[in-house]
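Please read the structure below before turning to the comments.
The values are calculated or read from the model by the stated rules, or taken from the named source; none is laboratory data. A quick note: this is a predicted structure, and the numbers were derived from the prediction, not measured. Neighbour counts run over all protein chains shown; Cβ positions are idealised from the backbone, glycine included. Side chains are part of the model used for accessible areas, which takes the heavy atoms of the whole protein and leaves out ligands, DNA and RNA. Shrake-Rupley method; radii C 1.70, N 1.55, O 1.52, S 1.80 Å.
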Amino acid sequence: MKRKPWKTYLWTILPTIAGGALSGLLSDSGAGYPELIKPPASPPDWLFPAVWSVLYLLMAIGLAMVINAEPAAAGGAVRIYARQLLVNYLWSFFFFRWEMRGFAALWLLLLIALAMAMTLRFERTSPKAAYLQIPYLIWLCFAAYLNIAIWLLNR
């Protein structure tokens, strides 16, 4: 039976983006955010959903590239991807829904560590898939700055 690599992209992209959208809706992300005191270099509120959509797309494409490159050995990459994605989705609940901004900052450090581990795992199979994760890692570091600053400025 001939493999259809495009199906891998479909089955990584759709759930990743849908999960991000669902996390945002259920966590009430953005609710109350405009009223918070924000640090210098804070982007406009409308930019966050656009950036996250692109980042989720890049993550999912990277995973599909790894799966397509070595389907039999992709299990470890899929597991670390799923773990970091779950931690990613949960951050919105800590920061927005439950307003646990100090804890959310610590949670974000865990997410950065998992995203780095995922990137390194991707690199073993597909360096291009790993390169696609660089914007995600940069954004997570910037998000950590924003999270910590907002927590300190709004205590």
Filtering segment 142-155 down to residues that are crowded, with 19+ Cβ neighbours inside 10 Å and of a type in the set (Val, Ile, Thr) yields Ile150
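Quick check on my filter: what residues within segment 1-18 are more than 20 Å from the chain's Cα centre (by Cα) and either open to solvent by less than 40 Å² (accessible area, probe 1.4 Å) or among the charged types (D, E, K, R) (or both)?
Step one: filter segment 1-18 for residues more than 20 Å from the chain's Cα centre (by Cα), giving 1-7.
Answer for segment 1-18, where residues must be more than 20 Å from the chain's Cα centre (by Cα) and either open to solvent by less than 40 Å² (accessible area, probe 1.4 Å) or among the charged types (D, E, K, R) (or both): Lys2, Arg3, Lys4, Lys7.
Kindly indicate which of Ser126, Ser42 is among the small types (Gly, Ala, Ser) and under 29 Å from Arg155 (Cβ atoms). Step through it out loud before you land on a result.
On the way: Ser126 fails: under 29 Å from Arg155 (Cβ atoms).
Of Ser126, Ser42, the one residue that is among the small types (Gly, Ala, Ser) and under 29 Å from Arg155 (Cβ atoms) is Ser42.
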Any residue in segment 56-67 that's within 16 Å of Lys4 (Cα to Cα): show its pairings with residues that are outside any helix (DSSP H, G or I) at Cβ separation under 8 Å, as long as the two are six or more apart or on different chains. Ile61/Leu132; Met65/Ser126; Met65/Leu132; Val66/Ala74; Val66/Ser126; Ile67/Ala74
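So which residues in segment 57-84 are open to solvent by 20 Å² or more (accessible area, probe 1.4 Å) and not small (Gly, Ala, Ser)? Explain how you work it out, then say what you get.
At the first step, the residues of segment 57-84 found to be open to solvent by 20 Å² or more (accessible area, probe 1.4 Å) are 57-58, 61, 65, 67-73, 75, 78-80, 82-83.
Correct list: Leu57, Leu58, Ile61, Met65, Ile67, Asn68, Glu70, Pro71, Val78, Arg79, Ile80, Arg83.
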Any chance you could count how many residues in segment 122-155 are under 16 Å from the mean Cα position of the chain (by Cα) and within 25 Å of Ile61 (Cα to Cα)? 17
Quickly run through segment 90-106 and pick out the residues that are crowded, with 19+ Cβ neighbours inside 10 Å, hydrophobic (A, V, I, L, M, F, W, C) and under 23 Å from Thr16 (Cβ atoms). Trp91, Phe94, Phe95, Phe96, Ala104
Taking the stated definitions as given, is Ala21 small (Gly, Ala, Ser), under 22 Å from Leu85 (Cα atoms) and surrounded by fewer than 16 Cβ atoms within 10 Å (Cβ to Cβ)? yes
Of the residues in segment 44-82 that are more than 18 Å from Met118 (Cβ to Cβ) and touching a helix residue (DSSP H, G or I) at 6+ places or on another chain (Cβ under 8 Å), the one that is modelled with the lowest pLDDT is Asp45
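Identify all residues within segment 125-141 that are open to solvent by 20 Å² or more (accessible area, probe 1.4 Å) and touching a residue at least 24 places away in the same chain (Cβ under 8 Å); write none if there are none. Break it down stepwise before answering.
Of the residues in segment 125-141, the ones open to solvent by 20 Å² or more (accessible area, probe 1.4 Å) are 125, 127-128, 131-132, 134-135, 137-139, 141.
Thr125, Lys128, Leu132, Pro135, Leu137, Trp139, Cys141, listed by residue number.
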